[in-house]
Each structure stands twice: as structure tokens, then as C-alpha cells.
Amino acid sequence: MITLDLSVSIVTYKNNVSILRRTINSVLASTALQLKLYIVDNSPTDEMRFLFVADDRVEYIYMNSNRGFGAGHNYIMNNPAKMGRYHLVLNPDVEFESNVLIGLFHYMEQNVDVGNIMPKILYPNGSIQRLCKLLPTPKDWIIRMFIPIKSIKKRIDYNFEMHFANYNEEMNVPYLSGCFMFLRASVIEEVGVFDEGIFMYGEDTDLNRRIYQKYRTMYYPEVTITHNFEKGSHKSLRLLWIHIKAAIYYLNKWGWLFDEEREKINKEVKLKYSKNNK
């Protein structure tokens with residue numbers, strides 16, 4: 001029997017400790033919910049075990065290997081005994097006020113057809129991160145990874161990142177960022193967890209798409225979080241190669257040039273949320 005309102009998993013790998021502490025404190029400040037926070041550590045050593053104040057709501061799990069972002073979260077999501085009524089997949093570089101989790105909890109309680117919800121996400125300077133996206137085409141990912149011409153990237157991003165939409169309104173979005181996925185546990189039990197064929201980058205695309213096939217996956221701007229976002233794959237050849245392999249895996253799974261579901265969903269979403277159509 002589920003007794004927790006919310007379980008939260010943070011997967012770490014040699015993270016900035018001061019930022020990680022702020023993320024943990026954001027979760028623990030949400031005293032209105034009965035919750036459990038799991039720190040799943042993929043780092044080479046378990047030295048982070050000793051960095052956190054004792055709190056019986058926190059469980060540190062040292063994996064002793066790095067099998068990837070999705071696999072780390074799956075360690076919790078595959079274990080019903082560790083899951084709450086809802087489960088939050090949370091990046092270790094996110095901060096928010098104490099009203100955020102309870103606000104999302106109440107929204108999910110009132111909207112039983114929603115499988116995943118993401119709040120408005122800001123950069124530390126207060127500008128918006130456009131993390132509502134259409135389902136990616138090969139062109140979307142290839143150009144964003146390899147072509148440095150800003151004018152071309154801007155044209156791609158206008159559609160892919162839904163710049164045509166009003167980010168101050170609720171939207172049912174086929175691809176929500178994996179930095180903050182507030183998931184209904186019963187939906188995860190139905191559609192499955194992260195595909196561990198993807199080490200990192202794109203596992204959120206795949207999972208949200210599977211949820212979207214049966215439930216609404218909502219962008220909800222009434223609550224706001226801050227994400228200290230850095231595009232690691234743009235700074236590291238190793239991470240770039242991981243990103244390329246993830247894109248290939250995802251497109252092999254869902255379709256490269258021929259993906260009728262993608263074309264249908266993207267067309268419907270653009271038509272529904274384009275500011276020019278209102």
C-alpha cells in the first residue's frame with residue numbers, strides 16, 4: 001500500500017556540491033507532503049555520502065558504477081516499495097520554493113488524466129528556459145548538435161522549442177524536459193520506466209512520448225523553478241558522443257524520416273498552441 005505522497009530521485013555524478021545541497025534543501029522544505037528523497041550516486045566513489053545532514057527523509061544509494069541517468073532513476077522507479085503516489089525525477093541543479101511541490105501535487109490530484117507535469121523553468125538570471133518541445137526530427141537534433149550558424153539554429157528552435165506558443169499558458173506537450181518530471185506512479189507502472197538503451201540525453205523524450213500516447217503531459221506555468229542549466233554535450237567530446245548515440249537509438253526506435261505519429265502530433269500541437277492561430 002502506498003503511504004508516501006511523493007518520492008523524489010536525484011541521480012548524481014561528481015556534481016557541484018553547493019548546487020546539489022540547494023536542490024536537496026528545496027525538496028526537504030516541502031513539509032506539506034509526506035515524501036522520501038533518494039540520492040542515487042553514480043560517482044566513482046561514495047564520498048558524497050558524508051556531505052549531507054542527517055534526515056530520515058533522505059536515503060543515499062551508492063551504485064558503484066555509472067549505467068546512466070535513466071538507469072539511476074529506474075533503480076527507484078522499478079521498486080514499488082520505494083515509490084510514492086507520485087514520483088519526481090529531479091536534476092541535481094534545480095531550486096524552487098516550498099510551495100512548488102504541493103502545488104503540483106494538488107494539480108495532479110484534480111486532473112487524473114495527467115501522467116506528467118512540468119512547471120515553468122527559469123535560468124538563474126530570471127529568463128525563461130523553453131523546455132516544451134515538439135517530438136524531434138533528425139534535422140532538429142543534427143542541426144542543434146553540429147551546425148554553429150545561429151540564424152539556422154534560431155529557425156529550428158522556433159518550432160522545436162515551441163517559441164510559437166505562449167509559455168504563460170498551460171499546454172499538453174509531447175516532450176517535456178527530464179530535469180523535472182512530476183510523474184503519476186500508476187502511469188509509470190503502466191507505460192514503463194526509462195529505456196536503459198539510452199545512457200543519457202533523449203531518455204526523457206522517449207518516456208514522455210510513451211506517456212503522451214495515453215495521458216496528458218502538462219506544462220503548468222502557475223509554479224516556477226530555477227534550473228542551473230549547462231549544455232554539457234556542447235563542451236565535452238565525450239558527452240557529445242553520448243548525445244549522438246542517444247539520438248541514433250531514439251530515431252532507430254521511433255523512426256527517422258518516416259514517423260507518422262510524430263508528424264501527426266507535431267502538427268496538432270503547433271495548430272493548437274500557435275499564438276498566430278488565436
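Residue-level analysis places Tyr38 outside the set of residues that are among the aromatic types (Phe, Trp, Tyr) and either touching a Lys or Arg at 6+ places or on another chain (Cβ under 6 Å) or exposed (fewer than 15 other Cβ atoms within 10 Å of the Cβ) (or both). If you go through the range 146-156 one residue at a time, do you hit one that is of a type outside the set (A, V, I, L, M), under 23 Å from His227 (Cα atoms), modelled with pLDDT of 95 or more and out of contact with any Gly (no Cβ under 7 Å at 6 or more places or on another chain)? Within the range 146-156 (the criterion being of a type outside the set (A, V, I, L, M), under 23 Å from His227 (Cα atoms), modelled with pLDDT of 95 or more and out of contact with any Gly (no Cβ under 7 Å at 6 or more places or on another chain)), the answer is no, since none of the residues qualifies. Test Asn166 against the stated conditions and say whether it is farther than 23 Å from His73 by Cβ and at pLDDT 95 or above. So Asn166 fits the description; yes. The single residue among Pro92, Pro119, Pro80 that is over 20 Å from Glu222 (Cα atoms) and within 14 Å of the chain's Cα centre (by Cα) turns out to be Pro92.
Restricting attention to the range 211-240, the residues being modelled with pLDDT of 95 or more and within 26 Å of Phe96 (Cβ to Cβ) number 15. Of all residues in the range 1-45, those satisfying the criterion of being assigned to a loop (DSSP other than H, G, I, E, B), touching a Ser or Thr at 6+ places or on another chain (Cβ under 6 Å) and over 17 Å from Met63 (Cβ atoms) are Ala29, Ser30.
If you go through the range 68-87 and keep only what is in contact with a helix residue (DSSP H, G or I) (Cβ under 8 Å, 6 or more places away or on another chain), closer than 14 Å to Gly192 by Cβ and small (Gly, Ala, Ser), you end up with just Gly70.
The values are calculated or read from the model by the stated rules, or taken from the named source; none is laboratory data. All values derive from a computational prediction rather than experimental measurement. Positions of Cβ are backbone-derived with ideal geometry, glycine not excepted, and every protein chain shown enters the neighbour counts.
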